[in-house]
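Asker: Just dropping this structure here.
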Amino acid sequence: MQLDTLLINCGELLTMDHETTVVKGEQMNTVPLIKDGAIGWKDGIITFIGTSEQAKDLTSKKVIDCQGMLVTPGLVDPHTHLVFGGSREHEIALKQQGVPYLEILKQGGGIHSTVRATRNASFEELYEKAHFHLKRLLSYGITTLEAKSGYGLDKETELKQLHIVKELAKNTDMNIASTFLGAHAIPNEFKDYPNDFLQDMAGLFQEIKEQGLAEFVDIFCEEGVFTIEQSKTFLTLAKEAGFAVKIHADEIVSLGGTELAIELGAASADHLIAASDKAVEMFGSSETVAVLLPGTTFYLNKDSYAQARGIIDAGGSVALATDFNPGSSPTENIQFIMNLAMLKLKMTCEEIWNAVTVNAAKAIHKEDIAGKLTVGRRADVVVWNAPNYHYVPYHYGVNHIQSVYLNGREVAKGGAYLD
Ligand code: IZC
Ligand code: ZN
């Protein structure tokens, strides 16, 4: 059988082909790899993985000599707010004066500012903008991601956002998991009636389910936003409606959202900067993935980062994400997040690679199709302009992408998207 593409002389071929679908605790410190590896595919499906020596007799339309470069699965970004109108650079001065994130929100800025822009934008405008950001995420090596709604905060606009994600999933080869985040903030018109607002949002569950618009429901459990009690009620209804759940937990104030996520058996608990020591320990005996977003701590200019070490040492599983959004983490650069994880979360390079592949896939229920390279899976493959896997978390601030293959097709080269 003749292959379409064969990559040879991959200095390190990170297959990430662990025996388990998620890696926890000490297991996070191992990365399955083949030295001097080769990988080939036909019709977008991987048909060969082995050493360059074993690939000697294969024939392929295209043979690419990777000259010792690192090759990995396409990365998985399990937390993005992909679809939104406008941007928030007008809040820079407030930020620099030290006005806290939650205070800007309270004054009607922050998420509310993005809600106004999103409500005012047409479907086409939002689609084009999201598509632009999607291509940029891809140019950094991400081939699978999660996308949240949450900038509508009314029925019509929330559905508009979810329909855009569905269209993007249909029109591109990227694997996209969709999350309904109608409970992202209390809109001004419901300022004194948060429970009524949540009831309205829960009123959308059935339609979202029937139309296949989202697999997950998420809530921003935070001081001045939604309480533990409200989060529990809302997510319990979501589970009853057949959704898997996630929580924006303990991002700024320690409310106990992390414990709640674990108690509810959430797919993931995200942020965890202010998670309690008890919550950190609980990950050891939980299936809930801790999705850490160090770009947010960095961009909110905070000193303390989530306790990645504590969670891993307790036996938990950690994933990393960009949290791409216009307020607290305006970046598509997952590679910078990997640098931050090395520096600020004190994660080992092995833990970091597991966190952006297998564990990230698990956090968005894509573990059967993303995060590892095996024969029979889709060829979502990244060639890195790097000699080994330690190099990417080490050399910061640039895009190390040599090539991104999506479904077997080269879609980014030299760090740029190929139109
Ligand atoms: O737009 O500020 N934390 N939601 C919760 C965000 C950050 C996104 C934003
Ligand atoms: Zn978020």
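Derivation of every value follows stated rules applied to the coordinates shown; laboratory data play no part. Because the structure is a prediction, the values reported are computed rather than measured. As a convention, Cβ positions derive from the backbone with ideal geometry for all residues, glycine included, and neighbour counts pool all protein chains shown.
Asker: Any idea which of 282, 107, 51 is furthest toward the positive side of the dipole for the chain, if Lys and Arg beta-carbons carry +1 and Asp and Glu beta-carbons -1?
Answerer: Highest projection toward the positive end goes to 51.
Asker: Compare 300, 320, 82 in a GNM of the chain, Cα atoms joined below 10 Å, and give the one with the largest fluctuation.
Answerer: In the Gaussian network model the winner is 300.
Asker: Related question: What's the extension gain from residue 132 to residue 195 if we count 0.36 nm per residue and subtract their Cα-Cα distance? Intermediate values should be presented prior to the final figure.
Answerer: On the way: separation 63, 0.36 × 63 = 22.68 nm, distance 3.56 nm.
Working it through step by step, the gained length comes to 19.1 nm.
Asker: How large is the dipole of the chain about the Cα centre if only Lys and Arg carry +1 and Asp and Glu carry -1, each at its Cβ, rounded to the nearest 20 debye? The partial results should precede the final answer.
Answerer: Working: 36 positive and 54 negative charges, 170 e Å.
In debye, rounded to 20, the chain gives about 820.
Asker: Just to confirm the filter: which trypsin sites (Lys or Arg not before Pro) across region 1-56 are DSSP coil and have at most 11 other Cβ within 10 angstrom of their Cβ?
Answerer: Working: sites: 24, 35, 42, 56; in loops: 24, 56.
Answer in residue order: 56.
Asker: Right, next: Exactly which GluC sites (Glu not before Pro) in region 185-256 are in a DSSP loop and have at most 14 other Cβ atoms within 10 Å? It would help to have the intermediate numbers written out before the result.
Answerer: Working: sites: 189, 207, 210, 215, 222, 223, 229, 240, 251; in loops: 215, 222, 223, 251.
Those satisfying the criteria are 223.
Asker: Then there is this: Hey, which of these cross-link pairs are over 29 Å Cα-Cα: 61/129; 191/346; 95/346? Kindly include the intermediate steps, with their values, before the conclusion.
Answerer: Numbers: 61/129 36 Å; 191/346 40 Å; 95/346 27 Å.
Flagged as over cut-off: 61/129; 191/346.
Asker: Right, something else. Charges only on Cβ, +1 for Lys and Arg, -1 for Asp and Glu: so what's the dipole of region 235-282 about the Cα centre, in debye to the nearest 20? Present the calculation step by step, with values, prior to reporting the outcome.
Answerer: Working: 3 positive and 8 negative charges, 32 e Å.
The calculated dipole for region 235-282 is roughly 160 debye.
Asker: Which pairs, out of 24/135; 56/362; 62/413; 42/209, put more than 25 Å between their alpha-carbon atoms?
Answerer: Working: 24/135 31 Å; 56/362 35 Å; 62/413 16 Å; 42/209 35 Å.
Over 25 Å Cα-Cα: 24/135; 56/362; 42/209.
Asker: Tally the DSSP beta bridges in the chain and give the antiparallel ones as a percent, rounded to 5.
Answerer: Numbers: 29 of 65 bridges.
Bridges in the chain are about 45 percent antiparallel.
Asker: Hey, what angle do you get for helix 334-343 against the long axis of the chain, alpha-carbon based, 0 to 90 degrees rounded to 10?
Answerer: Approximately 90 degrees, to the nearest 10.
Asker: Further, regarding this structure: Give me the distance in nm between label points sitting 7 Å out from Cα along the Cα-to-Cβ direction at residue 263 and residue 276, one decimal.
Answerer: If labels sit at residue 263 and residue 276, their model points lie 1.0 nm apart.
Asker: Tell me the angle of helix 111-120 to the major Cα principal axis of the chain, expressed in degrees between 0 and 90 and rounded to the nearest ten.
Answerer: Taking Cα atoms only, the helix is inclined about 80 degrees.
Asker: Considering Cα pairs under 8 angstrom that are at least six residues apart, work out the relative contact order of the chain and quote it in whole percent.
Answerer: Numbers: 1002 pairs, mean separation 89.2, N = 419.
Answer for the chain is 21 percent.
Asker: Mind jotting down the distance between the C-alpha centroids of region 370-394 and region 1-76, whole Å?
Answerer: 8
Asker: Ok, one more. Rg(Cα) of region 169-296 divided by 2.2 N^0.38 Å?
Answerer: On the way: Rg = 14.7 Å, N = 128, 2.2 N^0.38 = 13.9 Å.
Expressed relative to 2.2 N^0.38 Å, the Cα Rg reads 1.06.
Asker: Strictly greater than 29 Å: what percent of every Cα pair in the chain meets that? Let's see the in-between values first.
Answerer: Values: 36408 of 87571 pairs.
When every Cα pair of the chain is considered, 42 percent fall beyond 29 Å.
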